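J.: Take a look at this one; I'll ask things after.
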Amino acid sequence: MEGQTCSLILALLCFLHRASSIETSGVPEENPAKEMIPVGLVFGMNSPMGKVVESCISMAHSEFYGAHPDYRTRLSLLVRNPNDNAVDAASTVLDLMENEEVHAILGPKWSSQAKFVINLGEKAQVPIISFSATSPSLSPTQSHYFVRTAYDDSSQVGALAAVVQAYGWREITLVYEDTEYGNGLVPYLVDAFQEVDARISYRSVIPLFTEDIDIVKELNNLLTRQTRVFLVHMTAGIGSRFFALARDAGMMSEEFAWIVTDGLSSLLDPFISKSLDSMEGVLGVRPHVPLSESRRNFEERWRKLYAERNPHDEIADLSLFGLWAYDTVTALALAGEMAWDPAKSRYLKPNTSRNKLNFSSIGISEMGPKLLDKILSIKSQGLTGEFNLSSGALHPIAFEIFNVVGQNEETIGYWTSARGLSPELNLSTKVVYTASANDLKLPTWPGDTLKPPRGWVMPISGKKLRIGVPKKDGFDEFFKIEWDPHTGVPSYSGFAHDMFMAVLDALPFAIPYKYIPYMNESRQSAGTYDDMLFEIKLQKVDAVVGDTTITANRSSYVDFTLPYLESGVAMVVAIKDDERRNMWIFLKPLSWNLWLTICVAFISTGFVVWLLEHRTNEEFRGRRRQQLSVIFWFSFSTLVFAHREKIGNNLTRLVLIVWVFVVLILTQSYTANLASLLTVQRMTPEFVDVQDLIRNRHFVGYQKGSFVRGLLAGQLKFDESRLIPYGSPEEYHEALSKGSENGGVAAIFDELPCIKHFLAKYCNKYKTVGPTYKADGLAFAFPLRSPLVSYISRAILKVTQDKAIMDGIEGRYFGGQNSCPEQGAAIFSDNLSLSVYSFGGLFIITGVVSVSSVLIYVVLFFQSNWPSSRAIRPGDRSLGSKFSETANNFIREHRLLGCPWKNGSKMAPTSQFRSMEASTNIDIGVIARRQNERERPLLSMHV
């Protein structure tokens, strides 16, 4: 239904327009001897731009065929002069197709008109060739019969973004006309600025037909905003009015930066040159058109022709669109000669009644498709450079960056997609892409200054920066608000306040501000820190200054500066002090397995000493119980070096040297560890594991209004019913003193700056334990993409790196923290006992020495007491018998030596017992046993 209605309206307008359509007298008369190719020229010829275009087209037509008199074809230009609206242009084109059977359309003038006309070209297969419709919303790839012999507006967005990036601007106000031409570029600008970390903070849309008073109102609206970088995308008609009014509003002065697109810089309407005095300091971007010799000659000829045809008008400036019109007609004339076919030079008419007012009455051009193919295949050198339409449109090689100074436009640099910005154009050099202000010549800015505008200022409407500040019940060392009892005027102090004042002093400019406490009518905090920061998003405040922590959730609706103080979340618990009241604390320095190992080592060492000394040393002889007591006494007496027995064997001395060294190490280690237990370990925390708190459902505390509650309930999975908020260090102390079972808490979770302040007030009573949960620090908050963030962040770096300033601020509020003894040396492990592994090397050494000494002793005994052949009974002379006999002698001798037989003060020699036994066949062992039973000493024995 919509298509039929549109067809009816267009057909009706076509019939109404036929009577008013006129041919312009400026087009040269056609030669009837040539084959004529009808071409429609739809353009507003009454405007200054139209006069320039008409003269350029006339010159192109006459000069082309003058240079090629042998060509068999001629373009028959049928000129129509519609109004500047889409419907009038469409009806004109429909008339040319139906009644003149044109094979191509040159024009129309505006993008909004071309968008309407392209559909007619698709229907009739007639190329729509435009040299002035530059909106990127019109794409030759989407409409096959649309050919753009001009540059797409979107090709300049890279150059515009590079200029913004070069001067470090982060926010831009876009001012554009509310037309197809103005709206079409906006999406491309948004994408280009995002790539250079900039954004369009505000869009100012100016209607095409608007009064000056409405423009003035919009300029006053722009003055109330912070952004001072304006990108203007307009045609010359409305753009010249806009800049004249902006100058009258005082917006062409210092602190303002203006950039114009090629809609103004390409002089779409020549009279824009008369308005350059209101554009002092403006930067502009336009396609680079190389100045060739052919172009210079053409401009001279054109000026003469323009003066002849417009004797009463001032000679206008030749615009880029006039050059494109000249190249377009030249290319179309050449394509017409190549595509001409007498058999296909008419329209194919459909079998429909002419009484039907719809698109079905439009014929189809037989020559149109071939003409389109030929013009797309042309590659030539035109007045604007290389003329290549293989993709359906022209593409610029480079863009000029110019600066309006007085009545002149001075080129300060160039931009290419490969090289970026550069002061001189050098297409052959391959370098890295750059976009820096150093790549451009020094421009003159509005206000006749050479200093680049920083891109934003505080609004000049008299408003101050509204800064939200917290109302804290405790920990007011960070931010404190006090009211004068007589005047009620608040005063502010605290670490965060003083830091902010120091940062403001470090800024290169002044910021008017006022504090807005975040509190209710009773002067109590109005909510959490998250609520206070959300006031920025609600535009109730412009910033927040306080001990606000950077978190991922908060950064989704505010921008933080760099942190001015490091932070993190840690756990504070009470310290238990019950070790010194333990009556068995003397056992704790050594582990139970070490105690057991030491006892075994003492006994074994005593036995080794007894074994080595028993045969030759009287002090290690006697009754069995007496010898056992000697073994135990000797070994344990070495603990205090109180042994009295004399040692006669060198092997025994070796064993004792090593053992005494081991005892020395053990006693010294025991003494040191016991001293540590009685001093350091008394600072053991009551809890060290967060999971124990969660598992045993202990109550824990946090600072009221802090983000820590979300950390405990979300990340750490604490039961929310076990979380208790507190507001001051005194409340922390009281809760931790009571404990979780008595109405208090088992631990407090808070940020490190607050924890350090709390521990400074209660030395040696509480301690931080467990892991520290990372936080990004304390910072100031501003609206998203606020230009103040970068300036404040750089100022914070200056302040934090100045040791004198930081020491002064910290000393005023946290100077007492250094008076608390350092608790970092305290031992928090419940198992401080030394283990066997700690002395494993010593036990191995003494064991090896003891075993080696025993082996050596046994070997020497066997060597000296090996029986001779005579001592062995006949019939039993094997090696095993000898070994068994010697072993029996060793055991028997020890047994005898262990009896209480004495000869005077000495024991009877072993050799005497052997001779007695051998000569008398008396079993000395039997006699000894009997004597032991009778408990009578054997005084002497003789043969």
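Derivation of every value follows stated rules applied to the coordinates shown; laboratory data play no part. Keep in mind that this is a model prediction, so the values were computed, not measured. Positions of Cβ are backbone-derived with ideal geometry, glycine not excepted, and every protein chain shown enters the neighbour counts.
J.: From the P(r) of the stretch 448-519, could you give the percentage of C-alpha pairs in the tail past 16 Å?
T.: More than 16 Å apart: 62 percent of the Cα pairs in the stretch 448-519.
J.: Can you compute the charge dipole magnitude of the stretch 132-202 about its Cα centre, using +1 on each Lys and Arg Cβ and -1 on each Asp and Glu Cβ, nothing else charged? Give it in debye, rounded to the nearest 20.
T.: On the way: 3 positive and 9 negative charges, 23 e Å.
Dipole about the Cα centre, nearest 20: 120 debye.
J.: Can you figure out the FRET efficiency of Asp341 with Phe209, using R₀ = 51 Å and their beta-carbon distance, to the nearest 0.05?
T.: Working from the Cβ atoms, E equals 0.65.
J.: Which entries in Lys717/Lys756; Lys217/Lys540; Lys441/Lys463 show an alpha-carbon gap greater than 27 Å?
T.: Result: Lys441/Lys463 exceed 27 Å.
J.: Figure the gain on full extension for Leu664 and Ser139 (residue separation times 0.36 nm, minus the Cα-Cα span) and round it to one decimal in nm.
T.: My answer for the length gained is 179.5 nm.
J.: Order by neighbour count: Leu677, Leu711, fewest other Cβ atoms within 10 Å first, most last.
T.: Starting with the residue having the fewest Cβ neighbours, the order is Leu711, Leu677.
J.: Please identify every one of the chymotrypsin sites (Phe, Trp or Tyr not before Pro) in the stretch 198-241 that sits in a loop by DSSP and has no more than 12 other beta carbons within 10 Å of its own beta carbon.
T.: Within the stretch 198-241, the qualifying chymotrypsin sites (Phe, Trp or Tyr not before Pro) (loop, at most 12 other Cβ atoms within 10 Å) are Phe209.
J.: Could you put His68, His312 in order, starting from the residue whose Cβ has the fewest other Cβ atoms within 10 Å?
T.: By the 10 Å Cβ count, ascending: His312, His68.
J.: In nm, give the distance between the simple-model label positions of Glu720 and Ile585, each being 7 Å from the Cα along the Cα-to-Cβ direction.
T.: That separation, rounded to one decimal, is 4.6 nm.
J.: At a Cα cut-off below 20 Å, give the lysines reachable from Lys588, other chains included and same-chain residues fewer than 8 away excluded.
T.: Hits, sequence-local ones excluded: Lys576.
J.: If you don't mind, another one. Mind putting a number on the dipole of the stretch 281-413 about its Cα centre? Charges go on the C-beta only, +1 for Lys and Arg and -1 for Asp and Glu, and I need it in Debye to the nearest 20.
T.: The dipole of the stretch 281-413 has a size of about 900 debye.
J.: Could you state, as a whole-number percent, how many of the C-alpha pairs of the stretch 187-286 are farther apart than 23 Å?
T.: Values: 1144 of 4950 pairs.
Of the Cα pairs, 23 percent sit more than 23 Å apart.
J.: Using the 10 angstrom Cβ neighbour count as an exposure proxy, how do Glu180, Glu613, Glu211 rank, fewest first?
T.: Glu211, Glu180, Glu613
J.: Under 20 Å from the 7 Å Cα→Cβ point of Leu784, by amide nitrogen: which residues of the stretch 145-180?
T.: Only 170-174 fall inside the zone, counting backbone N under 20 Å.
J.: Sticking with the crude label model, points 7 Å out along Cα→Cβ, report the distance from Leu674 to Arg296 in nm, one decimal please.
T.: Roughly 10.8 nm, to one decimal.
J.: Could you tell me the largest-minus-smallest coordinate of the C-alpha atoms of the stretch 728-768 on each of the three principal axes, in descending order and whole angstroms?
T.: So the three principal-axis extents are 28, 18, 17 Å.
J.: By how many nm would the segment from Ala307 to Asn83 lengthen if fully extended, with 0.36 nm per residue of separation less the alpha-carbon distance?
T.: My answer for the length gained is 78.1 nm.
J.: Ok, one more. Could you work out the percent of alpha carbon pairs in the stretch 644-741 separated by over 15 Å, rounded to a whole number?
T.: 75 percent
J.: For the stretch 454-593, just say rounded, prolate or oblate: build the C-alpha gyration tensor, square-root its eigenvalues into a ≥ b ≥ c, call rounded for a/c under 1.5, and beyond that prolate if a/b exceeds b/c, oblate if not.
T.: Verdict is prolate for the stretch 454-593.
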